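Have a look at the structure below, then the notes.
The values are calculated or read from the model by the stated rules, or taken from the named source; none is laboratory data. In this text the structure is predicted, and so the values were computed from the model without any measurement. All Cβ positions, even for glycine, are placed from backbone atoms using ideal geometry, and neighbour counts span all protein chains on display.
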Amino acid sequence: MDQFNTVASQPEPVPVKIRPWYKRTIKIYGWVLVVILAFVLGLGIGQINQHTDTEQDSIVTRASDELADLFNKSGVDTDLFKEVWLKIHQDYYGRNNISDSDLFYGALSGMVAALGDPHTLFFDPKTSKEFNQELSGVFYGIGAEIGRRDGLLVIIAPLADTPADKAGLKPGDKILAIDGKDATEYSVDKAISSIRGEKNTRVTLTILAVSDNKTRDVVLIREKISVPSVTYKLENNLAIIKLSSFNDDTAEQFAKIVNKLLVDNPSGIVLDLRNNPGGYLETAVQITSYWLEPKQVIVREEFADKSKDQSHSAVTKPSLAKFKTIILVNEGSASASEILAGALKDYNKAQLVGKKTYGKGSVQSLFPLSSDSSVKITVAKWLTPKGTTIDVTGINPDFEVDYTEEDFKAGLDPQLDKAKELLIQ
């Protein structure tokens, strides 16, 4: 989500784990990388040591020796980095306007991008701040989850009542350009950085619509995106809960809604996860627990080091299991949304209505680095309680129902209608 999430404002949907206790360790490795780059560039360690205490000097020296030894064993030519750096400064036409910090962060981004994993990303200080703002539920942007599919930037999920939603952007719409600049080769984080901006400013997206395969320019006004992650209404004695994300305040909001729901005692529950890009794994576990018995497995994590494999089980919560539940999903339901939907489907606690989900079956952890940067790394794959992987393939609904652009324009919602129909049978 998850352990992370992403909204364009942001990188791609991910169950995310924020592990602040790793901060010291990661910071050390951040310094190690700085030391190595300083070495290959001939800058000298002395310039860095003035910013470190004695303990850090010792740690950096030991770690840099270890990393240098690793480079030697792998045959990596670190002198090549120096050559490219110097060539840019000597021969690049715009060398007088070069930002060394941009080159440095670009090198780190390139190293991470070389993994070929769209969910593993390096965030420079600015992007890192924006990413954390979004996870807290507040940022300025257009309110659309962005990812990469088939080599292009795509809209994963527009958030409800945001500029992206009001402009009619749909999951699967491709972003070809941002403010007139070709964005087909943009990384997700660069796209997010380009789309976000100051409040009430404009951004123009060139969109290749998934519905009619036509290209159009969409002008959006950036707004403060702080949509409540949970909303609730009682309609004809049916509880309709819209869950738009799994942020750090979602579990608390959901608990308050559960208290109200138990008082209302509806005849059924519609849990709307459409266009929910995910969020924190821990939040998904907390919310899924309302339908399960304590200690029932909700999600399994598989790591490269099999000794780290673990399962996350339900915790004690007021039970909603007595209420017949229908979950609405679509192509924008990803990550933590799929954890919840997959678990309740495996245990026959809910039926799914809508379209096949996104297919985000990996787990990322966010590691703080030095200089207020951070890196989001895929650390595991996750499986449903029955051991099913959904990565790329997604989760198929029990009842497949389309929701077309014509339906949207006409104010119709056939997926919600189907859910209500199933609940009153």
Of the conditions (1) in a strand (DSSP E or B); (2) touching an Asp or Glu at 6+ places or on another chain (Cβ under 9 Å); (3) under 26 Å from residue 354 (Cα atoms); (4) among the aliphatic types (A, V, I, L, M), residue 203 clears all except one; give me its number.
(3)
Taking the range 73-115 on its own, how many of its residues are closer than 29 Å to residue 367 by Cα and not in a helix (DSSP H, G or I)?
8
Log entry, pairs with first residue in the range 97-126 being not assigned by TED's automatic domain parsing to the domain that holds residue 360, second being of a type in the set (Phe, Trp, Tyr), beta carbons closer than 6 Å, six or more apart or on different chains, reads 108/122; 109/122; 112/122; 123/131; 124/105
Residue 221: of a type in the set (Val, Ile, Thr) and crowded, with 16+ Cβ neighbours inside 10 Å, yes or no?
no
Output the residues belonging to the range 219-265 that are within 20 Å of the chain's Cα centre (by Cα), within 22 Å of residue 316 (Cα to Cα) and of a type in the set (D, E, K, R).
248, 249
Only one of (1) in the same structural domain as residue 182 (by TED's automatic domain parsing); (2) under 30 Å from residue 251 (Cβ atoms) does not apply to residue 151, and that is (2)
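Check 350, 334, 304 and return the single one that is surrounded by fewer than 18 Cβ atoms within 10 Å (Cβ to Cβ), in the same structural domain as residue 276 (by TED's automatic domain parsing) and under 26 Å from the mean Cα position of the chain (by Cα).
304
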Of the residues 360, 355, 381, 386, which is among the basic types (Lys, Arg), touching a Pro at 6+ places or on another chain (Cβ under 9 Å) and closer than 30 Å to residue 307 by Cβ?
360
Filter the range 285-308 down to the residues that are among the basic types (Lys, Arg) and outside any strand (DSSP E or B), then identify the one that is nearest to residue 246 (Cα to Cα).
295
